[in-house]
Amino acid sequence: MLSPDQSIKILIVDDDEDDFFIISDYIRGIHPNRFVLHWCFNYLEALTHMKNHNYDLYFVDYRLGIKTGLELLKEAVSFHCDEPIVLLTGKGNYKVDMEAMQAGAVDYLIKTELTSEKLERCIRYALDRSASLKALKANERKFRSIFERSKDAVYITNQDSHFVDMNTATCKLLGYTKESLKELRIADLITSETSRDKYLNLLREKKEVNDMEVEMLTRQRATISCILSASAETDIDGSTFIQGIIHDITNLKRAEKATLQAEKLAAAGRLVRTLAHEVRNPLNNINLSVDQLSHLIHKDDNHFLLEIIQRNSKRIGGLITELLDSSRPVELVMEKHPLQGIMDDTIAAAIDRITLRQIQLDVSYSDEPAYVMADREKLKIAFLNIVINAVEAITQKPGNINISVSSSDVKHIINIADNGSGINEEDLSRLFEPYFTSKRNGMGLGLASTLTILQAHKASIEVQSKVGQGTSFTITFDKLK
């Protein structure tokens, strides 16, 4: 029904003024009469009105000189004319009727059959349909905006898990364009076969996946930690599709890991200081006693036994000092340095070992200096620990170590990779723990010290390894602002 307090502006586009008067009389016969009627006989002028949305409804004659109303209809729709357009013709033509409806006309009327009742019904239907379509488009724009602006990755796949649609956040997270993603299955981006099967089985059997933690592989071959939620839905055609959300928790996982490692280091430091205090007191007594005995025992009378005690006491004292040094906070002298220069110093310190092992060293640097605020010597020690570990991990030929320094928009990235024996998952989780080592004569302080130095530089470190294939350390620094 027409709103009683709303005037409705109607433009009648017809090159015959007599037809305009006839149609106007019919419309004025509609009660209540709240119509504002205007006539236009020029094709381009009518198109301008339509482009500018000047009227609520348009009646367009099929014959408009050398042009047709059907052409005007198509052109108006191409300029996003949302107002309803009714096509008029002197006689019925099924082909024109169908073409008009397909082009976007809301109705098709024959002039000789017009009445006030028929026009009232046509106008009411056209305006109601137009209002519904506008509301539908507004909702679509609103939800499309929510879809596109979401910070989380939102996606739609078919039943085979092939991507159908996705928002910008999905492309940014996974590193693909929309076109590239549409050629992939989301299941194939889940790194673990067990997680992949679980995702597909839950959708098949329960029609939903709730907060499933998975690791996914980006286009850059980086592994990211995500929370995945999805549900199976049915569209109006009865076809099933999957809609889902990917929440990136990689940084959260890194923060949790860094916090846990810091807590372990702190706990180990407290233990070391306690043990050092408890061991040094009796050790000092032993050393004092040995000094006294050395004056009482002649060199010929088993004096060598006292020398053994002295040497080992000094060794124990040295170990305690080393343990205490490893647990103390790192004191840094921060200056601006390029990471390429620090890495060159590191390679120079390790090059003899690399050469003796006949290991191929490949170094790749970005053209621009990767400047950071750093303690050059401390950072060199941190890098050197990783490089030496890489050298010692290579037991078969040909050995290869790849070192790269690159930069993104906000980060500097160092990667040190080897093709050595690799690290199993259990050892990987304990890699930076103090006093943990898989080496026969190691103390387990090298990588623990590396982590302490990197954390003092506000850098993060990630390790990926496969047994029998090698290990990759990725260190990330914030760019200087």
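The values are calculated or read from the model by the stated rules, or taken from the named source; none is laboratory data. Just so we're clear, the structure is a prediction, and the values are computed from it rather than from any experiment. Ideal geometry is used to build each Cβ from the backbone, glycine not excepted, and the neighbour counts take in all protein chains shown. Note: accessible area is taken over every heavy atom of the protein model, side chains too, but ligands, DNA and RNA are not part of it. Shrake-Rupley method; radii C 1.70, N 1.55, O 1.52, S 1.80 Å.
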For the stretch 374-383, 3J(HN,Hα) per residue [Karplus equation, 6.51 cos²θ - 1.76 cosθ + 1.60, θ = phi - 60°, Hz, x = Gly/Pro]: 8, 8, 4, 5, 5, 5, 4, 4, 4, 5
Using Cα positions and a limit of under 13 Å, work out the aspartates and glutamates in reach of residue 207, with same-chain residues fewer than 8 apart set aside. 233
So which aspartates and glutamates pass the test for residue 51, namely a Cα distance under 12 Å, with those fewer than 8 places away in the same chain ruled out? 75, 82, 83
Please report, as a whole percent, how much of the solvent-accessible surface of the chain comes from carbon and sulfur atoms (probe radius 1.4 Å). 51
Residue separation times 0.36 nm, minus the C-alpha to C-alpha distance between residue 179 and residue 312: what's the value? 41.0 nm
Taking only Cα atoms, what is the 0 to 90° angle, nearest 10, from helix 250-296's long axis to the longest principal axis of the chain? 10
How much of the calculated P(r) for the stretch 75-172 lies past 23 Å, in percent of all Cα pairs? 50
Probe of 1.4 angstrom, ligands and nucleic acids ignored: what's the accessible area per residue over the stretch 28-180, in square angstrom? 57
Rounded accessible area per residue of the stretch 337-398, 1.4 Å, Å²: 53
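If R₀ is 22 angstrom, what is the calculated FRET efficiency for the pair residue 377 and residue 464, using the beta carbon separation as r and rounding to 0.05?
Given R0 = 22 Å and the Cβ-Cβ separation, E is 0.20.
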Helix 116-149: inclination vs the chain longest Cα principal axis, degrees, rounded to 10, gives 10
Rg (Å, one decimal) plus Dmax (Å, integer) for the alpha carbons of the chain? 39.2, 141
For residue 399, other-chain or 5+-apart residues with amide H closer than 5 Å (H placed, Pro excluded) are 360
How far is helix 339-356 tilted, in degrees, relative to the longest principal axis of the Cα atoms in the chain, given as a value from 0 to 90 rounded to the nearest 10? 50
Which entries of 206/466; 74/151; 178/411 show an alpha-carbon separation above 32 angstrom in the structure shown? 206/466; 74/151
Bridge orientation stat for the chain from DSSP, antiparallel percent rounded to 5, came to 70
In a shell of Cβ-Cβ distance under 15 Å around residue 406, excluding residue 406 itself, what net charge do Lys and Arg (+1) and Asp and Glu (-1) give? -3
Mean Cβ neighbour count within 10 Å, used as a protection proxy, ranking 287-295, 138-146, 339-347 highest first: 339-347, 287-295, 138-146
Would you list which lysines come within 18 Å of residue 380, measuring only between C-alpha atoms, while excluding same-chain residues fewer than 8 positions from it? 336, 458
P(r), alpha carbons of the stretch 211-265 - 10 Å bins starting at zero, rounded %: 21, 33, 26, 13, 5, 2
Give me the dipole magnitude in Debye, nearest 20, for the chain about the Cα centre, with unit charges on the beta carbon: positive for Lys and Arg, negative for Asp and Glu. 1640
Hey, got the dipole for the stretch 81-198? About the Cα centre, +1 on K and R Cβ, -1 on D and E Cβ, debye to the nearest 20? 320
The chain: relative contact order in percent, alpha carbon pairs under 8 Å with at least 6 residues between: 7
